[in-house]
Amino acid sequence: MSWQTDWKIDKGVKVPDFRNRTSKSVEMDKFLQTLEIGDSFVIHPKVNPDGTLTDYNTAQNIVTRAKRFGMKMTSRKIYSEENPDEFHYRIWFIEKIDQKNLKVYLTKNHHQPRSTKNLLTIWLKAGCLTTFCF
């Protein structure tokens, strides 16, 4: 491996905001906030330049993003009747989560311990683990 040797020092370059939001994310946030309970919309999978479809689930990203606004959404992958290889996602806004209960909802449904210590604490509190050795 060869190292770069033509370094250039830049002065006065501002550090971007931690939450550097692109115009696409701002547009999505505005769109989500216009929805009413019972509304749905379709998302087509992203096609890569080589013609393959992306591996990640765009619909799930939107469902997760909507939780910021207290929106409970659900999505379904729907296959084409004419061609079983083609599909799209339909996303429904099914329930408004009260801001007071939003933290409880997020914790209850999406708690992911950040460390082994936290995981052990959760198991101990739940009574799943009483003794352990290191």
Given unit charges at Cβ for Lys, Arg (+) and Asp, Glu (-), the dipole magnitude of segment 23-97 about its Cα centre in debye, nearest 20, is 520 debye
Within segment 23-97, pairs of Lys residues whose Cα atoms are less than 22 angstrom apart, provided they are eight or more positions apart or on distinct chains, add up to 11
Sparse-neighbourhood loop hits (GluC sites (Glu not before Pro), segment 40-102; DSSP loop; Cβ within 10 Å at most 14 others) -> E81, E82, E86
Proxy exposure order for D98, D29, D85 (fewest C-beta within 10 Å first) is D85, D98, D29
Computed ³J(HN,Hα) along segment 57-62: with the Karplus parameters 6.51/-1.76/1.60, θ = phi - 60°, integer Hz and x for glycine or proline, the list is 8, 4, 4, 5, 4, 5
A correct fewest-to-most ranking of V63, V42 by other Cβ atoms within 10 Å would be V42, V63
Of all C-alpha pairs within segment 23-97, those more than 22 angstrom apart amount in percent to 27 percent
Taking Cα pairs closer than 8 Å and at least 6 residues apart, the relative contact order of segment 23-97 in percent is 36 percent
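Read-outs: derived from the displayed coordinates by stated rules, not from any lab. Keep in mind it's a predicted model, so treat the numbers as computed, not measured. Virtual Cβ from ideal backbone geometry, glycine too; neighbours counted across all protein chains shown.
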